[in-house]
Amino acid sequence: MNDEIISKVEKLSLGEADFYYWQYQYLLGKSIIVPFINEYVCNLNGKIVAEIGSAEGGVLHSLLRAGASYGLATDIAENRLETGRKISAAVNLNVEYTNHNILSDDLPEKWRNLFDIVILRDVIEHLENPEIALIKIRELIKQGGYLYVTFPPYNSPFGGHQHTLAGNFLTKLPYIHLLPRSFFKRIIRSGRLIDQNEVLRLKEIRLSSKKFKQSAAAAGFLIHKEEYYLLRPVFKMKFGLPALKITPIAKFLPFRDFLSLECMYVLKK
């Protein structure tokens with residue numbers, strides 16, 4: 001792809017995996033998140049933005065390239081943050097990287113009421129207490145600012161993240177994570193132990209769209225926009241498939257999570 005920033009990052013001494021994940025994030029931001037925010041949320045020019053669970057910061061790089069003035073990247077994986085620092089320095093984008101756990105770490109005073117937009121992309125389903133996370137994230141956001149959230153609900157075809165496990169074709173099947181825990185443990189035992197533990201943890205959390213909306217309301221957010229996708233927008237970038245919404249009818253379906261590969265919300269403070 002002919003993009004100046006990608007060309008610059010390609011010239012850095014990054015590992016193949018580091019470049020792949022950064023480029024994935026950057027293109028996701030450029031092709032999906034930036035156009036969505038500009039059309040349905042606000043103009044990005046001059047905005048102060050943050051991403052919780054940013055990894056290498058590719059999404060933030062796309063937001064800054066689209067006009068945002070400053071980005072804060074937080075994650076618990078220091079090695080991924082360090083890669084992001086190298087990339088930001090090379091492409092001269094104003095992103096600050098900080099190792100921070102939104103659930104357990106205190107919020108620095110300088111972050112409070114600072115951000116126009118916070119991104120929480122495919123992270124909240126991994127957090128044991130989404131309400132506490134949303135309460136703390138709300139403290140980061142200016143009055144009238146926004147939180148952009150995406151996640152696969154647990155009851156969706158791959159909401160257990162079982163497809164990330166290697167070594168067993170059964171884990172690539174939809175809904176296999178909804179089996180009783182004892183059966184599911186047998187199916188996933190060929191995967192890496194760290195991955196097994198994570199998908200079993202997700203089975204305990206079981207984040208649903210209903211639980212998320214209840215947590216958002218309890219945290220003091222209003223829903224500015226909500227979408228439910230049978231085919232995720234990122235599939236266009238990955239597989240050439242168009243995004244396929246099941247909104248608005250899904251808002252009223254008790255079984256919407258079983259159909260939605262992605263829930264997307266814009267919350268407003």
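Readers should treat all values here as calculations from the given coordinates under stated rules, not as data from a laboratory. Owing to the predicted nature of the structure, the values given are computational and were not obtained by experimental measurement. Cβ sites come from the backbone with ideal geometry, for glycine too, and all protein chains shown count toward neighbours.
Summary table
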quantity	calculated
In sequence order, calculated HN-Hα J values of the range 95-100 (Karplus, 6.51, -1.76, 1.60; Hz; x Gly/Pro)	10, 9, 10, 9, 6, 8
Low-density loop positions, trypsin sites (Lys or Arg not before Pro), the range 1-83 - DSSP coil, at most 13 other Cβ in 10 Å	Lys11
The range 169-258 shape via C-alpha gyration tensor axes, a/c threshold 1.5	oblate
Helix-only mean residue ellipticity at 222 nm for the chain, each DSSP H run of n ≥ 4 adding -39500 (n - 2.57), per residue, nearest 500	-10500 deg cm²/dmol
Selected from Leu222, Pro108, Gly29, residue furthest toward positive end of dipole (the chain; charges at beta carbon)	Leu222
Square roots of 5 times each gyration tensor eigenvalue, C-alpha, the range 145-200, largest first, Å	23, 12, 10
Residues Met237, Met264, sorted so that the one with the fewest Cβ neighbours within 10 Å comes first	Met237, Met264
Exposure proxy order (Cβ contacts within 10 Å, fewest to most) of Tyr97, Tyr40, Tyr21	Tyr40, Tyr21, Tyr97
Ranked Val9, Val91, criterion: other C-beta atoms within 10 Å, fewest first	Val91, Val9
Over 28 Å between alpha carbons, listed pairs Lys86/Lys225; Lys172/Lys210; Lys203/Lys251; Lys86/Lys269; Lys185/Lys268	Lys86/Lys225; Lys86/Lys269; Lys185/Lys268
